[in-house]
2 protein chains.
Amino acid sequence: MRRVAIIGTGMTKFGENWEQSYRDLVVEAGIRAITDAGISGDKIDAGYIGTMASGKLIGQEHVGALIADYMGLNPIPITRVEGACASGSLALREGIMAIASGMKDLVVVGGVEKMTDLSTGEVSDALGGAGDQEWELFMGATFPGLYALMARRHMKDYGTTSEMLAAVAVKNHKHGVHNKYAQYQNEITIDTVLNSKMVADPLHVFDCSPITDGAAGVVLAPMEAAESYTKKPVEIVASGQASDTIALSSRDSMTELKATKIAAEKAYTQARVSPKDIEVAEVHDCFTIAEIMAIEDLGFFRKGEGGKATLEGKTTFGGDVVVNTSGGLKAAGHPVGATGVKQAVELTWQLRGEAEGRRVKVAQVGLSHNVGGSGATAVVHIFKRGY
Amino acid sequence: MRRVAIIGTGMTKFGENWEQSYRDLVVEAGIRAITDAGISGDKIDAGYIGTMASGKLIGQEHVGALIADYMGLNPIPITRVEGACASGSLALREGIMAIASGMKDLVVVGGVEKMTDLSTGEVSDALGGAGDQEWELFMGATFPGLYALMARRHMKDYGTTSEMLAAVAVKNHKHGVHNKYAQYQNEITIDTVLNSKMVADPLHVFDCSPITDGAAGVVLAPMEAAESYTKKPVEIVASGQASDTIALSSRDSMTELKATKIAAEKAYTQARVSPKDIEVAEVHDCFTIAEIMAIEDLGFFRKGEGGKATLEGKTTFGGDVVVNTSGGLKAAGHPVGATGVKQAVELTWQLRGEAEGRRVKVAQVGLSHNVGGSGATAVVHIFKRGY
């Protein structure tokens with residue numbers, strides 16, 4: 001197998017991009033990534049696109065072909081990959097494999113979602129497709145409701161408090177201030193969170209990631225060729241994916257995501273690193289409780305101690321590991337199919353020393369963690385400076 | 001890169017399977033494939049599932065995780081791949097790559113669609129997502145309408161007749177009689193087609209593939225290990241994919257699918273075979289005109305001669321190449337995400353000498369051709385006896 005590197009990155013602004021269609025978003029991010037790689041489109045061998053619910057959200061499937069067309073890349077094959085909110089990381093995995101296998105030499109990977117064309121109720125319905133529709137969503141469960149169950153149990157078992165949950169949102173907003181692509185670039189306080197409207201007890205609206213339009217893209221090449229494209233290649237040294245039951249009620253534990261633990265274990269083994277080697281991480285904070293469980297399940301902190309660690313500042317600059325420098329899903333926004341690719345873009349910028357205003361000094365190793373639904377899919381990638 | 005073989009196959013009956021849910025279908029086909037391979041599920045390293053429009057058709061995305069769960073395969077990663085009606089073949093491509101790369105040793109690939117839970121209008125709307133929604137479907141075009149435009153132009157340019165179109169359906173129904181998994185196992189005549197209701201002139205209802213529930217699965221292994229699982233491995237010697245404009249109106253030609261030609265050229269080169277070496281083929285006959293264009297674009301017949309060749313019996317037993325022994329999409333049915341995988345299953349059975357009642361004698365080389373939408377994605381695989 002060949003080693004794989006990121007040689008180009010691109011993003012759109014995340015937000016309520018009412019003036020941009022799905023195809024506008026993906027073309028903007030894709031062209032930026034290709035331009036950043038210093039290549040022309042006709043050098044690309046293949047593409048993968050992560051999108052969760054384009055059928056329900058914009059009435060469009062077959063988005064691989066749509067993107068090849070609108071990016072002027074025909075007849076290059078572009079394939080859509082879907083795994084709910086982990087779609088972006090799954091697309092990245094397929095891109096990595098295409099290069100690692102030797103089948104392709106230059107691959108563009110994108111993630112995109114256009115979510116603000118519909119009402120909130122319609123978007124909730126579309127996102128509900130990430131859970132077990134027959135046994136969860138049709139019965140009245142929503143995603144805030146499912147994560148609220150996990151939060152409540154985490155509070156009961158480990159003494160996690162609403163302040164600790166709020167501290168995740170406060171930190172991520174603070175980080176997001178410096179990310180010009182973030183949906184929200186404003187700081188908030190713990191009181192902002194605690195005084196905001198309750199969505200599903202104990203989760204307030206500021207405990208939840210927003211509905212977002214956006215796209216992100218990366219260009220992949222074999223590591224051996226990467227230096228001919230860029231002085232600062234970032235190597236993807238590991239890719240781990242795991243599945244768990246789609247319904248939350250079928251699981252042994254409500255306070256951990258087994259799929260995260262298994263995917264991380266695979267990735268650490270493949271990369272030959274341990275959690276303490278990770279200096280910067282983008283983790284899946286679709287709700288504040290999700291980040292707390294993630295930093296525990298990824299091995300950064302012991303089970304039950306994630307909330308306290310966050311409140312004590314251990315996951316921000318100067319702490320043990322800087323988590324969600326981009327602002328995370330909470331502040332940077334969560335265009336579901338794009339999130340996994342955005343994580344890879346942010347980590348590339350960190351490892352290249354480019355994340356202006358939010359740079360983790362001398363970072364050599366980063367980790368991304370992307371979750372589908374309530375944890376039925378988890379994907380972990382590990383990135384290293386390749387220069 | 002490692003060589004890749006099919007070591008197990010499984011199908012559900014295709015049809016209006018009102019008693020089976022999406023998950024029932026995929027579990028039935030998957031377990032049959034795994035059983036046929038003589039393995040247990042815990043030996044599987046990864047899975048891919050082709051599904052086009054589960055979001056709109058059954059309200060469910062994230063079907064990779066759903067399937068891992070319902071097949072009892074957790075925590076094995078299963079990833080959904082989508083490219084409209086070519087979703088099944090795209091899933092197969094990713095499975096091939098996973099093995100070829102050395103990343104995985106045993107991969108299960110499935111295709112599934114559950115289409116009969118909704119009204120015909122709702123299904124048409126969901127299928128419309130395969131085209132350019134903003135420029136085609138929202139303006140009133142439907143897939144029968146788009147293919148009717150191609151048929152009309154083919155008739156004008158090459159003298160193709162309604163009888164020639166009908167001959168495709170007649171042949172495929174004749175083949176389908178012997179396929180116990182086919183939706184329709186009854187013969188029809190040219191008059192049946194010509195006297196049937198007009199859907200979009202010149203396409204009658206019998207020129208159109210039906211709405212179908214169904215699933216199909218294959219198990220892949222490295223060729224070097226295949227003989228430890230089966231006495232009759234079938235090698236996948238080539239995989240070609242290409243993209244074209246998503247909207248029909250943007251193309252240079254209405255009578256050929258450029259993506260088919262490019263995907264086929266790639267596949268022939270990779271397999272080091274020519275069209276005349278192909279003894280048995282499963283091609284994408286979503287409408288009768290589609291098969292005529294396919295057998296031309298794949299190089300079996302010269303452009304414009306596909307209709308005449310079909311009418312003269314050159315694409316059935318005793319002819320130059322036996323096309324759609326399964327009954328094709330027309331008679332076997334077209335559960336969109338399943339079709340590409342079903343094609344691989346049928347060709348495996350042919351090359352193993354198992355396709356009872358419809359066996360192509362001494363077949364060594366087969367080809368599958370799967371199209372997304374009106375031709376914006378085309379995928380061609382070539383299969384060889386591996387024993």
How many residues of segment B:134-164 are more than 20 Å from B:Asp285 (Cα to Cα) and assigned to a loop (DSSP other than H, G, I, E, B)? The answer is 3
Kindly list the number of the only condition in (1) of a type outside the set (Gly, Ala, Ser); (2) under 17 Å from A:Ala29 (Cβ atoms); (3) buried (at least 24 other Cβ atoms within 10 Å of the Cβ) that fails for A:Leu367.
-> (2)
Of the residues in segment B:61-74, those that are at the interface with chain A (Cβ under 7 Å from one of its Cβ atoms) and crowded, with 24+ Cβ neighbours inside 10 Å come to B:Glu61, B:His62, B:Gly64, B:Ala65, B:Leu66, B:Ala68
Checking B:Ala100 against (1) of a type in the set (Gly, Ala, Ser); (2) at pLDDT 95 or above; (3) over 30 Å from B:Gly131 (Cβ atoms), which single condition isn't satisfied?
-> (2)
List the number of the failed condition for B:Ser250; all other conditions in (1) more than 12 Å from chain A (Cβ to nearest Cβ); (2) over 25 Å from B:Ala331 (Cβ atoms); (3) without any contact (Cβ under 8 Å) to a residue 60 or more places away in the chain hold.
-> (1)
Across segment B:128-152, which residue is farthest from the chain's Cα centre (by Cα) among those that are modelled with pLDDT of 95 or more and aliphatic (A, V, I, L, M)?
-> B:Leu149
Do you know which residues across segment B:89-126 are buried (at least 24 other Cβ atoms within 10 Å of the Cβ), part of a loop (DSSP other than H, G, I, E, B) and among the charged types (D, E, K, R)?
-> B:Lys114
Does A:Ala91 qualify as being at pLDDT below 95 and either assigned by TED's automatic domain parsing to the domain that holds A:Lys330 or touching a strand residue (DSSP E or B) at 6+ places or on another chain (Cβ under 6 Å) (or both)?
-> no
State whether the residues of segment B:182-196 include one that is crowded, with 20+ Cβ neighbours inside 10 Å, within 14 Å of another protein chain (Cβ to nearest Cβ), touching a strand residue (DSSP E or B) at 6+ places or on another chain (Cβ under 7 Å) and in a loop (DSSP other than H, G, I, E, B).
-> no
Options B:Glu279, B:Glu346, B:Glu265: the member that is charged (D, E, K, R), in contact with a strand residue (DSSP E or B) (Cβ under 9 Å, 6 or more places away or on another chain) and crowded, with 20+ Cβ neighbours inside 10 Å = B:Glu346
In this structure, does A:Phe301 turn out to be over 22 Å from A:Ile211 (Cα atoms), surrounded by fewer than 21 Cβ atoms within 10 Å (Cβ to Cβ) and within 21 Å of the chain's Cα centre (by Cα)?
-> no
Could you tell me whether segment B:218-235 includes any residue that is surrounded by fewer than 21 Cβ atoms within 10 Å (Cβ to Cβ) and small (Gly, Ala, Ser)?
-> yes
If only one of A:Val81, A:Val4 is crowded, with 24+ Cβ neighbours inside 10 Å and under 19 Å from B:Ala86 (Cα atoms), which one is it?
-> A:Val81
Note on B:Gly131: of the conditions (1) of a type outside the set (A, V, I, L, M); (2) assigned to a helix (DSSP H, G or I); (3) surrounded by 24 or more Cβ atoms within 10 Å (Cβ to Cβ), unmet is (2)
Give just the number: which of (1) farther than 30 Å from A:Asp105 by Cα; (2) of a type in the set (A, V, I, L, M, F, W, C); (3) touching a His at 6+ places or on another chain (Cβ under 8 Å) does A:Val283 not satisfy?
-> (1)
Helices (runs of 4 or more DSSP H) within segment A:230-347 that include 1 or more residues within 20 Å of A:Ala86 (Cα to Cα) | A:258-271, A:288-297, A:328-332
Residue by residue through segment B:131-150, note down the ones that are in contact with an Asp or Glu (Cβ under 8 Å, 6 or more places away or on another chain) and over 18 Å from A:Gln60 (Cα atoms).
-> B:Ala148
Top-ranked residue in segment B:11-25 [being away from chain A (no Cβ under 14 Å) and surrounded by fewer than 24 Cβ atoms within 10 Å (Cβ to Cβ); ranked as farthest from the chain's Cα centre (by Cα)] | B:Glu19
Subset of segment B:314-327 that is at positive phi and touching a residue at least 24 places away in the same chain (Cβ under 8 Å) - its residue that is surrounded by the fewest Cβ atoms within 10 Å (Cβ to Cβ) = B:Gly327
Test for B:Ile49: is it among the hydrophobic types (A, V, I, L, M, F, W, C), farther than 18 Å from B:Thr339 by Cα, crowded, with 21+ Cβ neighbours inside 10 Å and touching a residue at least 60 places away in the same chain (Cβ under 8 Å) = no
How many residues are over 13 Å from A:Ile7 (Cβ atoms) and either acidic (Asp, Glu) or surrounded by 22 or more Cβ atoms within 10 Å (Cβ to Cβ) (or both) if we restrict to segment A:28-46?
-> 6
If the Cβ limit is 7 Å and pairs must be 6+ apart or interchain, which residue in segment A:236-247 that is more than 9 Å from chain B (Cβ to nearest Cβ) pairs with which residue that is charged (D, E, K, R)?
-> A:Val237/A:Lys384
Within segment A:364-387, how many residues turn out to be under 18 Å from A:Arg272 (Cβ atoms) and either of a type outside the set (S, T, N, Q) or within 13 Å of chain B (Cβ to nearest Cβ) (or both)?
-> 10
Answer with yes or no whether A:Gly72 is more than 18 Å from B:Ser89 (Cβ to Cβ) and touching a Ser or Thr at 6+ places or on another chain (Cβ under 6 Å).
-> no
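This table checks each residue for (1) within 11 Å of chain A (Cβ to nearest Cβ); (2) within 21 Å of the chain's Cα centre (by Cα).
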residue: B:Val27; (1), (2): no, yes
residue: B:Gly38; (1), (2): no, no
residue: B:Gly41; (1), (2): no, no
residue: B:Met52; (1), (2): yes, yes
residue: B:Ile76; (1), (2): yes, no
residue: B:Gly88; (1), (2): no, yes
residue: B:Val108; (1), (2): no, yes
residue: B:Thr120; (1), (2): no, no
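The values are calculated or read from the model by the stated rules, or taken from the named source; none is laboratory data. Because the structure is a prediction, the values reported are computed rather than measured. A quick note on method: Cβ atoms are made from the backbone with ideal geometry, for glycine too, and the neighbour counts reach across all protein chains shown.
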